[in-house]
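Encoded as structure tokens, the structure appears first; notes follow it.
The values are calculated or read from the model by the stated rules, or taken from the named source; none is laboratory data. Because the structure is predicted, anything quoted here is derived from the model rather than measured. Virtual Cβ from ideal backbone geometry, glycine too; neighbours counted across all protein chains shown. The protein model used for the area step is the full one, side chains on, heavy atoms only, and it has no ligands, DNA or RNA in it. Shrake-Rupley method; radii C 1.70, N 1.55, O 1.52, S 1.80 Å.
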Amino acid sequence: MLQDPKNWEKYYHGSPDERHLQRHFSYSDRMRYYWPHPEIAAAVDRLFEVLDGVTIPETMISQYMQGLYCASGLAR
């Protein structure tokens with residue numbers, strides 16, 4: 001996003017630290033504009049390769065993705 005800021009820079013204002021937070025935790029999904037970039041797509045593909053066959057412990061899912069965990073019906 002920093003290398004190609006045209007999709008977000010006019011929407012995020014403030015200090016560099018404030019803009020960093022806005023890019024990472026915004027309600028606006030500006031990342032969607034970057035998914036088609038070849039380097040982003042390659043990184044996502046690589047992530048899925050690394051995670052292929054990995055079992056994520058249920059305790060980790062419940063700790064870091066509590067809303068999804070509860071909605072899945074796995075919560076006891």
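The table below gives the values:
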item: Check on Ser15, modelled with pLDDT under 90 and among the hydroxyl-bearing types (Ser, Thr, Tyr); result: no
item: In region 1-11, the residues that are open to solvent by less than 50 Å² (accessible area, probe 1.4 Å) and either in contact (Cβ under 8 Å) with a residue 12 or more places away in the chain or of a type in the set (Asp, Glu) (or both); result: Asp4, Asn7, Trp8
item: Answer from Arg23, Arg32, Arg46 - the residue that is of a type in the set (D, E, K, R), under 16 Å from the mean Cα position of the chain (by Cα) and open to solvent by less than 90 Å² (accessible area, probe 1.4 Å); result: Arg23
item: Criterion violated by Gly14 - all others in (1) open to solvent by less than 60 Å² (accessible area, probe 1.4 Å); (2) assigned to a loop (DSSP other than H, G, I, E, B); (3) in contact (Cβ under 8 Å) with a residue 12 or more places away in the chain satisfied; result: (3)
item: Cβ-Cβ under 8 Å pairs, at least 6 apart or on other chains, region 47-76 side farther than 25 Å from Trp35 by Cβ, far side assigned to a loop (DSSP other than H, G, I, E, B) and modelled with pLDDT under 85; result: Glu58/Leu74; Ser62/Leu74; Ser62/Ala75; Tyr69/Ala75
item: Count of region 57-69 residues which are of a type in the set (A, V, I, L, M) and open to solvent by less than 90 Å² (accessible area, probe 1.4 Å); result: 1
